[in-house]
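Below is one structure, written out as structure tokens; comments come after it.
The values are calculated or read from the model by the stated rules, or taken from the named source; none is laboratory data. Since we're looking at a predicted model, the values are computed, not measured. Backbone-built Cβ (ideal geometry, glycine too); neighbour counts: all protein chains shown.
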Amino acid sequence: MPEPFVSTTSRVISIPRANIDTDQICPARFLKITDKANLADALFFDWRFTPDGARRVPPSFIDEPVNSGRQILLVGDNFGSGSSREHAPWALRAWGIRAIVSTSFADIFKGNSLKNALLPIVVTPERHAVLTALLGDNPDGEWTVDLEAQQVTLPDGSTFGFELDPFARTMILAGTDEVGYVLGQLPAIEAWEATHPARVDTREGVTAR
Amino acid sequence: MAEKPRTLLEKIWDDHFVASDPGAPAILAIDLHLVHEVTSPQAFTGLRSRGLKVRKPGQTVATADHSIPTLDPSLPILDELARKQLAQIEENCREFGIPFHGQGSPTRGIVHVIGPELGLTQPGMTIVCGDSHTATHGAFGALAFGIGTSEIEMVLATQTLLQRQPKTFRVQIDGRLQPGVGAKDIILALIARIGVGGGTGHVFEFTGDAIRALSMEERMTVCNMSIEGGARAGLIAPDETTFAYLAGRKFAPQGAAWDDAVARWRKLPTDAGATYDRTIVIDGDRLEPMVTYGTNPGMGLPISGRIPSPADLEPAAREDLERALAYMGLQPGASIAGQKLDVVFIGSCTNGRIEDMRAAASVLRGRHVAEGLRVLVVPGSQQVKKQAESEGLDSVFKAAGAEWRESGCSMCIAMNGDQLEPGEYGISTSNRNFQGRQGKGGRSFLASPLTAAASAVTGVITDPRTLVGAASQPSAVEAH
Ligand code: SF4
């Protein structure tokens, strides 16, 4: 069951790349797990280690010692494209990331993130440029991401608002479970089913194992 | 009063809309849920911890494709984690009563290949799977899209999803494709044009003469890679081609039910006068075989083209291209044709169907793969494998020096041991050229089966039009 989440204050990790796909965030060979544990180590694995397993020099983004413990990412456009693997947000959350700021997110990744109380914060290209410059000037400043107020506070005290799906916001703030919410509407689902017979029965004549 | 004209997407949406609270997403009913071993285990764990059952096991179907070996199936699976994952899906299906087309089943295969070939995929349906290439099924005029594991749990538990209605994006491909140009080239050209985020928030509907002329297999290739253009789904309106493909398939309606279904399906195509949020028109006559040169599927160009120069781009895009070319070890300004290869992979849910096997075989018949090249041909399903073997295509591949495997995802995702080695170049009929996608440090060029097969013959990236129609004339190979 999800925990309620309201706000976080943290320093920021910048990864100034566009189109970071989920194969980069969590490479496919880490998808053989059958639980959600230990994915922090898989995060951006191939950026951090050479093909023969040595840690890259200089260390890649999240391996830089100063970035340890930071909870906010500032990344380039179209973050999370590619595979639907929820392992990507699981790995980000397991490492400690709570919010990601970009100009856009891939649809499935965005949905998966919201289900894991990982906030995809969309800003305009202009604001993104300002934030990138600000981070260049003040790489260790703390930002506050406030989901309740839908607002980010920067180290100089200035703020900007952000949009988030209102339903997802309510769910995350309260730590409400979506399956429980939908099961609460079972009568409506049953009513729909009564007038829409199943189009297939996958069990017909299937014996193969 | 005349009804408001609607698009295909809007009709399917309206038909599956169950309810919505103010401000909340719609509860959308799901007709068919496809399950595979990689993205589902945690969802079943979730069900168990809630004490829930699978609400509609008869609308759910599972297979094993991603981490399954494509070598001799009687050999033990050496990868401990893969073995555990494969054992777990079988166990989960048994416990929850879900039909499982597993190892040893003649109907096993890549989830997006078996759905259509079993006739489970039908026009007007909503279809989901924990896999982004679920878009494939849109070729039948079904709203089909990939979901995450939390959503898999939702569908298992409720047979519905919480969804907001996507926007519509019409992709009109006019004219007629030239010989040697195929469905893969259409979709690679579209993505090169609009970029990998170009369709975000939208569902593509592919229309136009060049689309109408495609077979079902080719339509699936086009819809499959909708996700690479950022769209969660792709749609093609059902027509006679669709009905002819489905007729007589195992799970397709039969008898009077078939006639009813066809009558219903005929009402699905977008009404005259309906509007789309966006439209792009592409001239199919002018398309060429396409190849990617970079590390996302949007970095593609016509095979006669040259690798672009970072110097010509804006700073942010410049760095992305520089990084991609550094990873790929390619020079700006060089021709893409003629680039050296180590491996050729023909398969995947994009191009692992029978027509793809036939296309590759048409090039390889009577020819031999270049020396030192490893060529892997992996059918998309056991049924594709059987069909290909009955047509003698396996002999064509083997005689040419290619490996002929059991079905599975294989080197598309490199989870089962089939992979590129660090630094190796592979031309692949799959859908993703992301860094490391086909093996740590591997470098992928995406292309059609014709282009991949032509390149297998020469050992370098090769325009299939230089070989097509010249089958059984080995001199045409030498001339290259
Ligand atoms: S063939 Fe590749 S893209 Fe298709 S389902 Fe398998 S891994 Fe995914």
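Residues of region A:103-160 that are within 22 Å of A:Leu173 (Cα to Cα), buried (at least 16 other Cβ atoms within 10 Å of the Cβ) and aliphatic (A, V, I, L, M): A:Ile108, A:Leu114, A:Ala117, A:Leu118, A:Leu119, A:Ile121, A:Val122, A:Val123, A:Val145, A:Leu147, A:Val152, A:Leu154.
I need a count of the residues in region B:230-251 that are within 14 Å of another protein chain (Cβ to nearest Cβ) and part of a loop (DSSP other than H, G, I, E, B). Spell out how you get there, then give the answer.
At the first step, the residues of region B:230-251 found to be within 14 Å of another protein chain (Cβ to nearest Cβ) are B:230-234, B:238, B:246, B:249-251.
Within this subset, residues satisfying the condition of being part of a loop (DSSP other than H, G, I, E, B) are B:230-232, B:238, B:249-251.
Residues meeting the conditions: 7.
Scanning region B:403-433 for residues that are under 23 Å from B:Asp185 (Cα atoms) and surrounded by fewer than 24 Cβ atoms within 10 Å (Cβ to Cβ) yields one hit, B:Tyr425. Counting only residues that are among the small types (Gly, Ala, Ser) and in contact (Cβ under 8 Å) with a residue 40 or more places away in the chain, region B:1-25 holds 1 of them.
Table: residues versus (1) within 13 Å of chain B (Cβ to nearest Cβ); (2) over 23 Å from A:Trp143 (Cβ atoms).
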| position | (1), (2) |
| --- | --- |
| A:Pro65 | no, no |
| A:Leu73 | no, no |
| A:Arg85 | yes, yes |
| A:Trp95 | no, no |
| A:Ser104 | yes, no |
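Quick check, is B:Gly141 more than 8 Å from chain A (Cβ to nearest Cβ), farther than 25 Å from B:Lys53 by Cα and buried (at least 24 other Cβ atoms within 10 Å of the Cβ)? Answer is yes for this residue. So which of B:Val128, B:Val54 is buried (at least 21 other Cβ atoms within 10 Å of the Cβ) and over 28 Å from B:Met411 (Cβ atoms)? One residue alone meets the criteria, B:Val54. Any chance region B:103-126 includes a residue that's within 14 Å of the ligand (Cβ to nearest atom), outside any helix (DSSP H, G or I), at the interface with another protein chain (Cβ under 10 Å from one of its Cβ atoms) and among the small types (Gly, Ala, Ser)? No: region B:103-126 contains no residue that is within 14 Å of the ligand (Cβ to nearest atom), outside any helix (DSSP H, G or I), at the interface with another protein chain (Cβ under 10 Å from one of its Cβ atoms) and among the small types (Gly, Ala, Ser). Of the helices (runs of 4 or more DSSP H) contained entirely in region B:180-224, those carrying at least 1 residues that are within 16 Å of the ligand (Cβ to nearest atom) fall at B:183-194, B:216-224.
Just so you know, in region A:18-49 the residues that are more than 16 Å from the chain's Cα centre (by Cα) and basic (Lys, Arg) include one that is farthest from the other protein chains (Cβ to nearest Cβ), and it is A:Arg48. For region B:213-241, taking the residues that are surrounded by 24 or more Cβ atoms within 10 Å (Cβ to Cβ) and of a type in the set (Val, Ile, Thr), the one that is farthest from the chain's Cα centre (by Cα) is identified as B:Ile236.
Matching residues to (1) among the aromatic types (Phe, Trp, Tyr); (2) modelled with pLDDT under 95; (3) within 16 Å of the ligand (Cβ to nearest atom); (4) under 30 Å from B:Arg6 (Cβ atoms):
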{"residue": "B:Pro73", "(1), (2), (3), (4)": "no, yes, no, no"}
{"residue": "B:Pro99", "(1), (2), (3), (4)": "no, no, no, no"}
{"residue": "B:Ser132", "(1), (2), (3), (4)": "no, no, yes, yes"}
{"residue": "B:Thr136", "(1), (2), (3), (4)": "no, no, yes, yes"}
{"residue": "B:Phe140", "(1), (2), (3), (4)": "yes, no, no, yes"}
{"residue": "B:Phe145", "(1), (2), (3), (4)": "yes, no, yes, yes"}
{"residue": "B:Ile152", "(1), (2), (3), (4)": "no, no, yes, yes"}
{"residue": "B:Leu162", "(1), (2), (3), (4)": "no, no, no, yes"}
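The residue pairs whose first member lies in region B:103-120 and is in contact (Cβ under 8 Å) with a residue 24 or more places away in the chain and closer than 15 Å to B:Lys385 by Cα, whose second member is more than 13 Å from the ligand (Cβ to nearest atom) and polar (S, T, N, Q), and whose beta carbons are closer than 6 Å, counting only pairs six or more residues apart or on different chains, are B:Pro106/B:Gln382; B:Arg108/B:Gln382; B:Gly109/B:Gln382; B:Glu117/B:Gln383. Does B:Gly338 satisfy the criteria of being within 14 Å of another protein chain (Cβ to nearest Cβ), away from the ligand (no atom under 16 Å from the Cβ) and at positive phi? So B:Gly338 does not fit the description; no. Residue pairs whose Cβ atoms lie under 7 Å apart, sitting 6 or more positions apart in sequence or on different chains, and linking a residue in region B:194-216 that is free of Cβ contacts under 8 Å to residues at least 12 places away in the same chain and more than 9 Å from chain A (Cβ to nearest Cβ) to a partner that is buried (at least 24 other Cβ atoms within 10 Å of the Cβ) and assigned to a strand (DSSP E or B), do not occur here.
Note on region B:410-462: among residues that are within 11 Å of the ligand (Cβ to nearest atom) and not in a loop (DSSP other than H, G, I, E, B), the one that is farthest from B:Ile68 (Cα to Cα) is B:Ser428. Could you check, for region B:368-378, whether at least one of its residues is touching an Asp or Glu at 6+ places or on another chain (Cβ under 8 Å), of a type in the set (Val, Ile, Thr) and away from the ligand (no atom under 16 Å from the Cβ)? Yes; the residues of region B:368-378 include at least one that is touching an Asp or Glu at 6+ places or on another chain (Cβ under 8 Å), of a type in the set (Val, Ile, Thr) and away from the ligand (no atom under 16 Å from the Cβ).
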